1. In the range 98-186, which trypsin sites (Lys or Arg not before Pro) fall in coil by DSSP and have 12 or fewer other Cβ atoms within 10 Å?
2. Long-range amide H contacts for residue 412: which residues qualify at under 5 Å (H placed 1.01 Å from N, peptide plane, sequence gap of 5 or more or a different chain)?
3. For the range 12-23, in order, what is each residue's ³J(HN,Hα) by Karplus, 6.51 cos²θ - 1.76 cosθ + 1.60 with θ = phi - 60°, in whole Hz (x at glycine and Pro)?
4. Which trypsin sites (Lys or Arg not before Pro) in the range 348-424 sit in a loop by DSSP (not H, G, I, E or B) and have at most 16 other Cβ atoms within 10 Å of their own Cβ?
5. Obtain the nm distance between the two label points defined at residue 103 and residue 416 by a simple spin-label model: each point lies 7 Å from its Cα along the Cα-to-C-beta direction.
6. Can you tell which of 391, 354, 275 lies farthest toward the positive end of the dipole of the chain, using +1 and -1 charges on the Cβ of basic and acidic side chains (Lys, Arg; Asp, Glu)?
7. Nearest 20 debye, what's the magnitude of the dipole of the chain about its Cα centre given +1 on Lys and Arg Cβ and -1 on Asp and Glu Cβ?
8. Under a Cβ-Cβ cut-off of 15 Å, what is the net charge of the residues other than residue 398 that fall near it, where Lys and Arg count +1 and Asp and Glu count -1?
Amino acid sequence: MAVSTPTDLSAYAESLGRNARRAGRSLATLSGQTRDAALLTMARRMRERSAEILRANAEDLAAARRNGLTDAMIDRLRLDEGRLDAMARAVEEVAAQPDPVGRTLSAYTRPNGLRVEKRRVPIGVVAIIYEARPNVTSDAAALCLKSGNAAILRGGRESIHSNLAIGQAVREALESCRIDPDAVQVVQTTDRELVPLLVKQEAYIDLVIPRGGEGLIRSVVAASSIPVLKHYTGNCHVYVHEKAAYEMAEKIVLNAKLQRPGVCNAAETILFDTAIADAFLPGICRKLIEGGCEIRGCDRTRERLPQAKPAAEQDWYAEYLDRIVAVRVVDGLEQAIDHINTYGSHHTDAIVTNDLQAAERFVTAVDSSSVMVNCSTRLSDGGVYGLGAEIGISTDKLHARGPMGAEDLTTYKYIVSGPGLIRT
């Protein structure tokens, strides 16, 4: 699809917000069955348009290679029949979930006969600003529709043709179900100057969710006059405890780092307990190296693995999104917890252990949105958690934390009724 460049970006940003507000008010009044029907139609249209979507994605991939994007970024961008079908299935899974809108959270009657009900409602209009992952387009559209929110989707220039093709399938689904098609708007321009204009449309937009690198997220936070839900980095850890089994530790570490190094829930630092470092570290790190991974280690790591490069202080903070990993030997559980809470990004951190008491201490003390016991950080994902898809992974504490599904895109209101009561 052709990419357009509006001549007046300020007017365009306002029109996106105004149209979304109008569509969102209409969407919030629709039944859950109507919204689910639109989601199922959306999944069907994505499959019907698969050839067109894949052609658009091929155009984005060719541009990415010309522009020298990293292999990890190209992997995020790439679609094929399998990934596209998984995107459609995620939409169907969202449709199959219970409707979060209109659910009664609590209800009670006061002694004077005043009935107070707390009911779940849509947030309103959500703007999602993201980079090179076209699956975000369908995931975000599906979750916003499920939760009764209008969505403004501003993807990166790397995925613009893919996003527009997916957006066309979404628009056709909405139109066929007689829903205002502006309930999901894919931004038509790649001009970066639009973003600071968009995130100041507080009259129309209720929440901004940036998904991408730390630079993108910080720039959105700095520019926005609208609440922003964010995670700055995915600096995830795997701690191999002294009571870990070698085979389990090797399997989890290799999966956490190598299965998809370019995503936010890939492990960036591996911590080995000093009690098992001699027995575990060399073999597991050699497997990482065989998988194409560069090791940056502390002095005690390099004593056991001389081919490791020395780790600098900034390596403990790093989100590499690549086949690079920091490795440190720690003196027990408490030092591992302290390292994670000091250097981590509160995203996802894992312990490998057969000691239930140590696992419970780790779960209680590590301040992260997902804490894993004997499983890979790669499992920190909305789909894996049964959410169907995710709008993002929040490392904030208000109003949502961790992988965010449709329910996390709702707020609540109080419905209060009484038999002609007044305040005296």
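Please treat every number below as a calculation from the coordinates, not as lab data. Here the structure is a predicted model, which is why all the values come from computation and not from measurement. Cβ placement follows ideal geometry from the backbone for every residue including glycine, while neighbour counts extend to all protein chains displayed.
1. Answer by residue number: 178.
2. Amide H neighbours of residue 412, under 5 Å, 5+ apart: 121.
3. Once θ is set to phi - 60°, the couplings for the range 12-23 become 5, 4, 5, 5, 4, x, 4, 5, 5, 4, 4, 5 Hz.
4. In loop regions of the range 348-424 (DSSP not H, G, I, E or B), the sparsely surrounded trypsin sites (Lys or Arg not before Pro) are 397, 423.
5. Spacing of the two 7 Å Cα→Cβ label points: 2.5 nm.
6. The residue sitting most towards the positive pole is 391.
7. Once rounded to the nearest 20, the dipole reads 1320 debye.
8. -1
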